1. With springs only between Cα atoms under 10 Å apart, run a GNM on the chain and tell me which of Arg72, Arg50, Arg119 wobbles the most.
2. Count neighbours as other Cβ atoms within 10 Å of each site's Cβ, and list the GluC sites (Glu not before Pro) in segment 45-127 that are DSSP loop with at most 10 such neighbours.
3. Working from Cα positions, state the angle (0 to 90°, nearest 10) between the long axis of helix 44-75 and the longest principal axis of the chain.
4. Modelled label-to-label distance, Lys135 and Gln89, 7 Å Cα→beta-carbon offset: nm?
5. 5 Å is the cut-off here: which amide hydrogens, built 1.01 Å from N in the peptide plane, fall below it relative to Arg10, excluding neighbours closer than 5 in sequence?
6. What angle, in degrees between 0 and 90 and rounded to the nearest 10, separates the Cα long axis of helix 16-39 from the longest principal axis of the Cα atoms of the chain?
7. If I stretch the segment between Ala121 and Gln42 completely, what's the gain in nm (0.36 nm per residue apart, minus their alpha carbon distance), one decimal?
8. Mind checking the angle between helix 85-110 and the chain's longest principal axis? C-alpha axes, 0 to 90 degrees, to the nearest 10.
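Throughout, read-outs are computed from the coordinates displayed, never taken from laboratory work. Note that the coordinates shown come from a computational prediction; the quantities given were computed from them, not determined experimentally. Methodologically, a virtual Cβ is constructed for each residue, glycine included, from the backbone with ideal geometry; neighbour enumeration extends over all protein chains shown.
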Amino acid sequence: MSKPRSLHDRNNSFGWLSIGLHWFATVAIILMWFIGQSIALQSIEQIDARRSLHVTLGLIVWLPLVARIVWRFKAGHPRVNGQTLMTHQLAKAAHYVMLLLLLVMLISGPLMAWVMPERSALSEIAFSFHSFAAKALAVLVVLHILAALKHLMFHEDETVARIFVPRTEDALDDE
Ligand code: HEM
Ligand code: HEM
């Protein structure tokens, strides 16, 4: 009989908390990215409304996204069974860079929206950080998805499966 699935991460497995945060963040980031990207494309009458939509959604997802970053750095990064140390370090580094870029967005966004006067030199700097981090994160997310697809198609490992369901306690006991 299988035992309950884990909430927390284990040595080689993500728990429900990490899995929930990963997919919540994925939906939030993709939505924020497309809405953010569409702001500058609006007509003069529509631009404020679109910017407000981006800022309001940003306010709603801000805390869970910060929690997601803190949680990953605090909980560490489980290694996939059978993965070489080098691949593990590479994946870990890429994941941490994505989280740092996300942090830059979560700091620069509110600075622009609420702290700095519009069109001041400081708000221009915050915008440059926000805009650069958005582009860099988009490139890394595309590479990240390609890496996941590569694992799905060419490797017989648990890289993709483990971000959907934690391993059962039984499977862990079998180690
Ligand atoms: C998930 C995190 C976020 C992503 C992926 C994101 C994405 C973007 C993108 C792609 C742009 C357009 C940049 C450009 O034109 O080069 C943008 C602009 C902007 N974002 Fe964010 N953003 C995020 C979080 C936030 C937050 C939390 C706030 C504030 C609460 C915020 C406020 C703004 C503002 C004020 C602009 C400038 C709009 C303008 O006047 O053109 N963003 N964002
Ligand atoms: C459809 C989109 C996505 C797919 C298919 C996907 C796939 C995956 C997979 C398979 C893993 C597990 C890797 C391993 O076992 O070591 C993972 C982990 C991770 N992914 Fe994604 N991912 C997506 C979107 C994103 C986005 C938008 C971000 C942006 C921050 C992201 C950041 C991370 C991070 C930081 C990890 C490490 C575990 C964690 O902290 O959640 N992913 N992803």
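1. For the chain, modelled as a Gaussian network with Cα springs under 10 Å, the answer is Arg119.
2. Numbers: sites: Glu45, Glu118, Glu124; in loops: Glu118.
Answer by residue number: Glu118.
3. The helix 44-75 is inclined about 30 degrees to the chain.
4. With each label placed 7 Å out from Cα toward Cβ, I get 3.1 nm.
5. Counting only residues 5 or more places away or on other chains, the set is Gly15.
6. Once rounded, one gets 30 degrees.
7. Values: separation 79, 0.36 × 79 = 28.44 nm, distance 2.36 nm.
Contour length minus Cα-Cα distance gives 26.1 nm.
8. Approximately 30 degrees, to the nearest 10.
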